[in-house]
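The structure appears right after this line, and notes come after that.
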Amino acid sequence: MNLGFDTFDTFRFKQLVFVNSAAYAYTQIRIDQHTALFGENNLGKTSMLNALKLFLLPEVNFRNCGSKFNFRGTNGNLYDGMSSFRYYFPEDRAFIILEAENPHGDFCIVLHRGGATDKMEYARLVVPCPYARLEALFWDVDAGGDGGIGAPVESMTLQGVKTVLREMDGEPLSDPKTILERLFTNQPYDKKAGRYSLLPLRNGAGKREMDAWRKLVHLAFDISASDERTLPDTLATIIEGQKSRKEEELQLDLNAIVEEAHQLREEGDRITRIRNASDSWEKFDETFQDETQLRGQAAKAYADLNESVEVEEGRLQEALEEASRALNEAENRAETLGGIKRDTNNSVTNTAAEVKATGKQVERLRKEINAAHATLNEFPGMPRQEIIESLDEHIAEQAKDVKGYNDKAVAQQQHAEICDRLASNERQAKWLDEQLTNRTPTLLDDLTVSDASILNSLNRSLGTTHGVLTREQKQAFAQFSQQFRSEDGHLVLGHHQEPIALRDISHQEYDAEKTRQHMQVQLDELKARNAQDKKYRDRLLEEATMGADEIARRRQQAEKEIDKAQKDKNALNALDANLQTEESLDGELRENEEKLEEQKRQHDKADEQWREADENRNKARQGHKTLQGQAQQVRLIRQRLDRIGRDANNVLEGRHKVIEPTPCEVSEANIEALEKSVDELSAQRNKVHEQLRKLLTMNILPNADSQAHLSSFTSDQVAEFHEQLKAVFDNLDTQEANYRHQVDRHNKTTHSQVEILRSAKQLVAAFISGINAEMGQFSISDLEEVRVDYKLHPRFEQLLADLEKADLLSDELQDNKVYEQLKAFQADFFNADARRTGILLSLDKILAGVHYKYRKRGEEGWTTNAQSNGTTMMITTNLLSVLMSRLMDGDAQVTMPLVMDEFGSLATQNMRTARQIAEQHGYCLFVANPNRDSKITQVLGNYVHLGLFHATQAYAENRTVVHHGLCESLSRKGTLTRRAADTQIEGAPLSKEEADL
């Protein structure tokens with residue numbers, strides 16, 4: 001694997017690019033040459049080295065981060081998955097790019113956030129071109145400002161980058177299987193399949209190869225082997241990975257040997273138990289035969305009676321169906337006629353109630369009509385309305401009297417009101433009398449009624465002014481009044497053309513004779529009212545002097561008068577309606593009486609029909625009940641049969657179902673005989689079961705001891721056990737011979753399996769010997785020779801020693817102690833995934849420790865004393881190269897970085913030796929140190945000082961470190977050279993310290 005061999009297919013890691021990731025805004029680092037990273041703590045030097053694991057391992061998420069990546073801080077503590085995920089991929093616009101080269105050309109692997117952030121996923125895109133073609137997507141190196149370090153691409157988005165990369169023939173590698181096939185398999189003759197081959201594993205990317213590769217990656221990042229399990233686990237995994245042939249696998253099942261021995265020991269005990277149980281078997285066999293015979297007899301009796309019961313059940317069912325039909329018809333007819341009877345009875349009752357109610361209404365109306373006629377007779381010749389008004393006045397007067405009786409103050413007030421009204425009415429009557437006696441013509445008397453009415457409507461004073469009009473005045477009044485006419489009770493000015501309605505002037509007719517007659521009527525009414533008021537006044541004066549008893553009597557009398565007058569009034573008001581209602585109700589009453597007679601005739605007929613139907617129904621019920629009694633008897637026999645045939649304690653075991661039945665009598669005697677026979681069978685069966693349980697508890701049959709505790713067995717189970725037991729006892733001699741043969745075969749198998757176990761020790765020894773043969777080609781510092789030494793687990797060594805003492809080819813089984821040792825060893829030292837890989841010996845558990853031993857120049861003896869970190873790192877580098885050569889394709893030259901943190905802790909000579917060893921094995925040192933160290937720059941030549949440049953414009957405020965395009969190197973004394981790709985540019989002179997190196 002030396003650099004510079006052109007005959008190999010070259011696989012090269014060229015540069016690592018961080019975009020908005022870790023602590024970096026944009027950082028490019030070449031890794032195809034020796035490079036030192038300088039910078040203060042917390043600038044992400046170690047995380048930059050660790051980022052290589054994201055490309056070297058076929059992972060897709062940060063779950064189980066510790067076991068996958070082993071990311072550790074400066075304090076040695078593991079970082080968890082979410083912290084690591086958020087550090088390397090803090091947002092969608094975070095990318096880590098690896099530029100690499102293989103025989104098919106340059107390509108880039110672009111890592112970015114995956115689809116499920118909560119699952120800590122990241123994804124890969126591979127692009128078939130060098131990184132120079134992608135740079136413009138991630139950083140604007142030509143942007144001004146910030147001293148020429150460039151600026152972010154503001155338009156950069158994850159989706160936009162993925163779109164452009166796909167347009168450049170990029171493709172995603174999303175699942176682990178595809179990642180393994182495309183990145184870790186060498187395809188030298190298939191450009192499409194091998195276009196993105198990063199690491200050409202010798203035997204393809206199988207599970208064992210990848211497990212070995214994971215261990216080598218962890219060894220490469222722990223080159224000082226500070227973890228005591230790094231070397232043992234790595235070597236054990238490499239040994240497992242090299243087992244290309246089936247016969248090389250340490251595949252054996254010690255548990256199977258132990259289990260087989262246990263089974264054989266149980267089989268020997270079982271054969272002895274069989275021999276001791278012969279007497280019990282003979283008793284069981286005899287009882288079983290007797291039970292079988294008795295079961296056949298009982299089953300025949302059951303089948304005969306069961307068939308006869310079924311026939312009788314069918315006959316009774318048909319008879320019951322017919323009786324039920326007849327009963328149903330009789331029930332329906334009786335129910336229907338009963339309904340008709342009830343309906344006619346209800347009709348009679350309802351109509352009789354209507355006749356009675358109508359008769360009461362007619363009687364009440366006639367009383368009211370008679371009362372009205374009596375009232376009319378009290379006022380002969382007076383119209384009914386005037387009688388009603390008179391009654392209203394009488395009611396009002398009596399009510400006023402009652403009020404006066406109740407309240408003296410009211411009586412006094414009424415007296416005052418009567419006196420005032422009487423005085424006023426007398427004055428009015430006197431004036432009317434004088435007017436009628438001394439009446440003279442008015443101005444309107446000589447005019448026509450029509451003209452006088454028009455003028456009276458316009459001015460009322462014309463109708464009350466006395467005087468005589470001249471001929472001219474009369475003519476003028478007539479002409480003026482003709483300008484008006486009456487319409488709808490109002491005056492209208494004009495006639496047919498454009499009349500003017502005088503809505504505020506109502507038409508008032510004026511007739512002199514009518515006026516005189518009206519005044520006479522007013523005078524008569526006033527005189528009548530005055531006479532009545534005088535009587536009332538006199539009565540009030542009289543009542544004012546009456547005692548309390550008299551007042552109470554008169555009040556009671558007045559209230560009676562009010563009640564009577566009110567009733568008379570109501571009777572008069574309702575007279576016409578009552579007469580009409582009486583006539584209507586009389587007709588209705590006659591109709592209902594006729595209807596009632598007809599309904600009574602219908603009811604009598606319905607009652608007669610119902611009585612006949614009820615008698616027929618009772619007969620049908622009795623016949624149906626008789627059949628039900630017979631059916632009940634048969635049903636009870638059926639139930640007793642079912643208890644025999646279907647209950648949990650069913651001793652017939654279904655045998656009755658396959659017997660041809662013979663008809664018999666369905667009787668109590670036959671069912672009792674059957675039950676007796678079944679009881680005898682049950683007792684015999686219990687005896688058989690008890691004997692069977694005894695045999696089963698002797699553990700003669702395999703897996704049958706648990707069934708010995710069953711409460712009962714079916715006949716099939718008993719018969720099956722009988723057959724099994726018969727076969728066992730009939731073949732006892734043969735079983736004993738087979739057992740002896742099986743023990744012999746088991747011992748030979750155990751011997752062969754233990755030989756395989758011994759080969760594990762030989763396999764480890766052979767592998768370590770081969771490693772040491774290759775390690776012997778190198779010398780480091782003052783060490784003449786370095787070897788890898790190992791220690792096997794003490795329990796493994798002890799097991800092999802104990803097995804040497806056992807006679808594994810004897811005729812008897814081994815002692816239990818031997819088998820327990822094998823079982824315990826397999827549980828602790830074999831893998832658990834037997835279903836997928838078979839039961840394999842786990843070498844990492846057998847290989848207890850791996851260390852180096854050394855022989856210095858000029859000395860004969862070997863020592864295991866710890867060497868310096870530098871010496872250990874160089875030895876481990878040699879070992880890593882030897883192990884890598886066993887995994888990688890022999891025709892491939894892989895140039896990849898060898899990661900060393902805290903490189904400054906080495907002495908200058910060890911640094912030079914480390915570089916020399918790395919170059920011998922095709923590695924580029926990729927180291928980190930907190931401070932710029934002149935020794936490191938002198939030895940490696942190329943370095944990057946992180947943290948010198950910070951962008952003021954970055955993708956995020958906490959990720960501002962920028963480095964791209966150039967790396968610094970020392971090329972000759974006194975000159976600092978900056979390299980961009982392979983171009984050298986002279987720069988500032990070296991410091992005195994650097995120039996002296």
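No lab work stands behind these numbers, since they all come straight from the coordinates. Because the structure is a prediction, the values reported are computed rather than measured. Don't worry about glycine lacking a Cβ; one is built from the backbone with ideal geometry, like all the others, and counts go over all protein chains shown.
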Estimated translational D of region 631-703 in µm²/s (Stokes, Kirkwood radius over Cα pairs; 25 °C; 0.890 mPa s): 169
Within 13 Å, Cβ to Cβ, of Leu16, how many net charges do the neighbouring residues add up to if Lys/Arg are +1 and Asp/Glu are -1? +3
Whole angstrom only: what separates the Cα centroid of region 643-698 from the Cα centroid of region 940-958? 98
Taking N as its residue count, the alpha carbon Rg of region 705-788 over 2.2 N^0.38 Å: 2.55
Rg in Å to one decimal, and Dmax rounded to a whole Å, for region 757-833 via C-alpha atoms: 18.2, 61
Overall form of region 25-118 per C-alpha gyration tensor (a/c, 1.5; a/b vs b/c): oblate
By how many nm would the segment from Lys356 to Glu690 lengthen if fully extended, with 0.36 nm per residue of separation less the alpha-carbon distance? 111.1 nm
Give me the number: length gained by fully extending Glu509 to Glu40, i.e. 0.36 nm times residue separation minus the C-alpha to C-alpha distance, one decimal in nm. 155.8 nm
Pairs to check: Lys791/Lys853; Lys215/Lys845; Lys341/Lys625; Lys68/Lys177; Lys791/Lys845. Give those whose C-alpha atoms are more than 20 Å from each other in this structure. Lys341/Lys625
Could you tally the net charge around Thr351, taking each other residue with its Cβ under 12 Å from the Cβ of Thr351, Lys/Arg +1 and Asp/Glu -1? -4
For the chain, what percent of Cα pairs sit more than 51 Å apart? 66
In whole angstrom, and with the biggest value first, how far do the Cα coordinates of region 652-775 range along each principal axis? 105, 33, 28
Give the distance, in whole Å, between the Cα centre of region 612-632 and the Cα centre of region 323-348. 17
Contour minus Cα-Cα span, Ala423 to Leu57, at 0.36 nm per residue, comes to 118.2 nm
Set of lysines with alpha-carbon distance to Lys403 below 23 Å, sequence-local pairs under 8 removed: Lys534, Lys535, Lys560, Lys564, Lys567, Lys569
In nm, the gap between the two label points placed 7 Å beyond Cα toward Cβ at Gln293 and Asp169 is 9.6
Cα extents of region 608-658 per principal axis, largest first, Å, are 62, 19, 12
Set of lysines with alpha-carbon distance to Lys687 below 30 Å, sequence-local pairs under 8 removed: Lys283, Lys300, Lys657, Lys676, Lys726
Give me the one-decimal nm value for the distance between modelled label points at Asp146 and Arg460, 7 Å along each residue's Cα-to-Cβ direction. 11.3
Helix-only mean residue ellipticity at 222 nm, the chain, DSSP H runs n ≥ 4 weighted -39,500 (n - 2.57), per residue, nearest 500. What is it? -19500 deg cm²/dmol
Inter-site label distance for Gln953 and Gln916 at 7 Å from Cα along Cβ, in nm: 5.1
Rg(Cα) of region 134-184 divided by 2.2 N^0.38 Å? 1.57
Evaluate the charge dipole of the chain about its Cα centre and quote only its size in Debye, nearest 20, assuming +1 on the Cβ of each Lys and Arg and -1 on the Cβ of each Asp and Glu. 3360
Given that compact globular proteins tend to follow 2.2 N^0.38 Å, what is the ratio of the alpha-carbon Rg of region 338-486 to that value? 2.18
For Lys430, list the aspartates and glutamates whose Cα falls under 15 Å from its own Cα; do not include residues on the same chain fewer than 8 positions away. Asp524, Glu525
With a/c under 1.5 counting as rounded, go ahead and sort region 894-955 into rounded, prolate or oblate using the C-alpha gyration tensor (a ≥ b ≥ c being the square roots of the eigenvalues; past the cut-off, prolate if a/b is larger than b/c, else oblate). oblate
For region 563-597 and region 160-211, write down the distance between their C-alpha centroids in whole Å. 116
For region 507-591, what does the alpha-carbon gyration tensor say about shape, rounded, prolate or oblate, given a ≥ b ≥ c as the root eigenvalues, a/c under 1.5 as rounded, and a/b over b/c as prolate? oblate
Neighbourhood charge, 13 Å Cβ-Cβ cut-off, centred on Ala574 and excluding it, Lys, Arg +1 and Asp, Glu -1: +2
Selection from Gln609, Gly587, Gln566, by position along the positive dipole direction of region 554-627 (Cβ): Gln609
